[in-house]
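The values are calculated or read from the model by the stated rules, or taken from the named source; none is laboratory data. Everything quoted here is computed from the prediction, not taken from an experiment. Here the Cβ positions follow ideal geometry from the backbone for every residue, glycine too, while neighbour counts run over all protein chains shown.
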Amino acid sequence: MYRLHTHCRACGLGKPDISTLKFSVAAGNQEVPQKLMEVLDLGLMPLANDFCSQDQERAGYAPLKLLWCPRCTLGQLSVVVNPEIIYRNHYPYVTSPSKTMKDHFASLVSDLKAECETDLVVEIGSNDGTLLEFMQQNGFSKTYGVEPAENLANAALKRGINTVNDFFSAEVAQDIERVAGLPDLIIARHVFCHIDDWTHAIAAIDQLCGKETVVAIEVPYFIDTVKNGEWDQIYHEHLSYMTVKAMQAALKGSHLHVSKVLRYPIHGGAIVMILRRDDSEFAKTPLPVEYLDKSDLNTFAARALDRIAVLKKTVNELIEAGNTVVGYGASAKATQWIQSCGFTRKHIKWICDTTMFKQYKCAPGSDIPIVDEGALTRELPDYAVCFAWNFMSEIVAKEKIFKAHGGRWINPNADIEVAPRG
Ligand code: TYD
């Protein structure tokens, strides 16, 4: 189901070979420890999107441990779960149709149009085609998606989005070039950190780039994750936790460089790294200066354990006092909270979610049912834990009836203050 991965995916630190040793000696820093540092060990966890009905076989548990590279600042997991198990058959994560996401797409696409021509765009990890459809409506004349999950690729095809149902690879890149030519833009939203073999992925991207092709890689920004204590972003799908410095290390040996970095508030803080070919005529923009050290990581880990303890205590106290507590948003992040707090349906009665692929299944590793979004208004529970905290302002604004009847929200990712039921 999984295998260990104990050397840095970006710069190779910890790889027992002579070239790595030469690299660190050449960097002149004999003090740098030659191993990845262990940051946070969350123990055995279920796969974050393994939503199953009662009678379905579950994928199982794998260790979830965050490591950190003191040389290039990449965060990464200590294991790689077989991607065929996570993504291939029925992957339930669909790109959110929310207003928050639509607003993000609008600013992202407008920023990208300022960077490149708008003839052909290729999206790696194109999900159900939501972004490509938006790009077609906003000036990109040809789109091409690559998506390994069959259910999502089929959903995209149904809405008329040209999609190849496969993992992105050198072979897929070759096919795209043959059929459609070299793209003006290659976009990869929240997928690069899901890829294990960066050498292969970067070579395949490199091969699909013309002289002025723009590559836009959107990832959660590890600096923000650490600063904001967003420990619930750590799950098996997120193999890596990205900084610009780490990306630069990963690009060594390719013909690409980071030419610009754009910042967005989506998903708790994300960056889009604009990559260009080294022979591009486009001028580079100054890149952000990043600060991240061992003590930041230690603080992050302590804060994570503290937040888990606080949510566990809060929910236990509320139910002991006779309140009903539910969850809102069966996000991958919800799985991390449920497992770490040891919640069952006695604690969280149900979680409501708009995603058809998740409804009427159980939250991974638990007996908590996922129900439709209307349940909040139908049942009017006392408290709702917003596991989709990245969409919280939109959700709170939408769920007026819950609030009007005295329902209270709990944001697990903030310093929890539980107001008494109104
Ligand atoms: P999301 O934060 O996008 O991702 P992840 O799974 O990577 O943590 O997940 C948000 C979940 O919340 C998703 O399953 C959809 C759900 N959701 C609702 O049910 N209602 C809403 O209004 C919104 C915005 C999201």
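Residues being among the aliphatic types (A, V, I, L, M) and without any contact (Cβ under 8 Å) to a residue 60 or more places away in the chain: count how many of those fall in the stretch 34-71.
Keep residues of the stretch 34-71 that are among the aliphatic types (A, V, I, L, M), which gives 36-37, 39-40, 42, 44-45, 47-48, 59, 62, 64, 66-67.
Cutting the leftovers down to without any contact (Cβ under 8 Å) to a residue 60 or more places away in the chain gives us 36, 44, 59.
Of the residues in the stretch 34-71, 3 are among the aliphatic types (A, V, I, L, M) and without any contact (Cβ under 8 Å) to a residue 60 or more places away in the chain.
I'd like to know if the stretch 123-130 contains one or more residues that are under 25 Å from Tyr241 (Cβ atoms), touching a residue at least 60 places away in the same chain (Cβ under 8 Å) and β-branched (Val, Ile, Thr). Yes: the stretch 123-130 contains one or more residues that are under 25 Å from Tyr241 (Cβ atoms), touching a residue at least 60 places away in the same chain (Cβ under 8 Å) and β-branched (Val, Ile, Thr). Restricting the first member to the stretch 212-236 and to residues that are under 30 Å from Ala173 (Cα atoms), and the second to residues that are more than 13 Å from the ligand (Cβ to nearest atom) and of a type in the set (Asp, Glu), the beta-carbon pairs closer than 6 Å and six or more apart or on different chains are Val214/Glu115. Filtering the stretch 229-243 to residues that are under 20 Å from Cys341 (Cα atoms) and either within 14 Å of the ligand (Cβ to nearest atom) or under 9 Å from the mean Cα position of the chain (by Cα) (or both) leaves Glu230, Trp231, Asp232, Gln233, Ile234, Tyr235, His236.
Selection of first residues in the stretch 369-396 that are over 21 Å from Asn49 (Cα atoms) and among the acidic types (Asp, Glu) and of second residues that are near the ligand (Cβ under 10 Å from one of its atoms) and not in a loop (DSSP other than H, G, I, E, B), restricted to Cβ pairs under 7 Å at least 6 apart or on distinct chains, gives the following pairs, ordered by first then second residue: Glu394/Lys99; Glu394/Thr100. Checked against the criterion of being modelled with pLDDT under 95, more than 20 Å from the chain's Cα centre (by Cα) and part of a loop (DSSP other than H, G, I, E, B), the stretch 319-334 contains not a single residue that satisfies it.
State the number of residues belonging to the stretch 100-136 that are part of a loop (DSSP other than H, G, I, E, B), under 17 Å from Thr354 (Cβ atoms) and hydroxyl-bearing (Ser, Thr, Tyr). Result for the stretch 100-136: 0. Inspection of the stretch 389-400 identifies at least one residue that is within 12 Å of the ligand (Cβ to nearest atom) and surrounded by 22 or more Cβ atoms within 10 Å (Cβ to Cβ). When the stretch 101-124 is filtered for residues that are surrounded by fewer than 23 Cβ atoms within 10 Å (Cβ to Cβ) and closer than 16 Å to Leu152 by Cβ, only Met101 remains.
Inside the stretch 401-416, can you point out the residues that are within 27 Å of the chain's Cα centre (by Cα) and either assigned to a helix (DSSP H, G or I) or surrounded by fewer than 21 Cβ atoms within 10 Å (Cβ to Cβ) (or both)?
Initially, the stretch 401-416 is screened for residues within 27 Å of the chain's Cα centre (by Cα), giving 409-416.
Those that are within 27 Å of the chain's Cα centre (by Cα) and either assigned to a helix (DSSP H, G or I) or surrounded by fewer than 21 Cβ atoms within 10 Å (Cβ to Cβ) (or both): Trp409, Asn411, Ala414, Asp415, Ile416.
For the stretch 138-147, the condition holds for at least one residue, the condition being that it is away from the ligand (no atom under 16 Å from the Cβ), within 25 Å of Glu394 (Cα to Cα) and over 21 Å from the mean Cα position of the chain (by Cα). Is there a residue in the stretch 340-356 that is within 14 Å of the ligand (Cβ to nearest atom), buried (at least 17 other Cβ atoms within 10 Å of the Cβ) and in a helix (DSSP H, G or I)? Looking for residues that are within 14 Å of the ligand (Cβ to nearest atom), buried (at least 17 other Cβ atoms within 10 Å of the Cβ) and in a helix (DSSP H, G or I), one finds none in the stretch 340-356, hence no. Restricting the stretch 81-99 to residues that are more than 11 Å from the ligand (Cβ to nearest atom) and part of a helix (DSSP H, G or I), the residue that is surrounded by the fewest Cβ atoms within 10 Å (Cβ to Cβ) is Glu84.
I'd like to verify a number: residues in the stretch 248-292 that are part of a loop (DSSP other than H, G, I, E, B), within 22 Å of the chain's Cα centre (by Cα) and of a type outside the set (Ser, Thr, Tyr), how many?
Our first condition is that a residue be part of a loop (DSSP other than H, G, I, E, B); within the stretch 248-292, this holds for 252-255, 265, 269, 278-292.
Going one step further and asking which of them are within 22 Å of the chain's Cα centre (by Cα), we end up with 265, 269, 288, 290-292.
Keeping just the survivors that are of a type outside the set (Ser, Thr, Tyr) gives 265, 269, 288, 290, 292.
Selection size over the stretch 248-292: 5.
Taken over the stretch 367-388, the criterion of being away from the ligand (no atom under 11 Å from the Cβ), touching a Gly at 6+ places or on another chain (Cβ under 9 Å) and not in a loop (DSSP other than H, G, I, E, B) is satisfied by Tyr383, Ala384, Val385.
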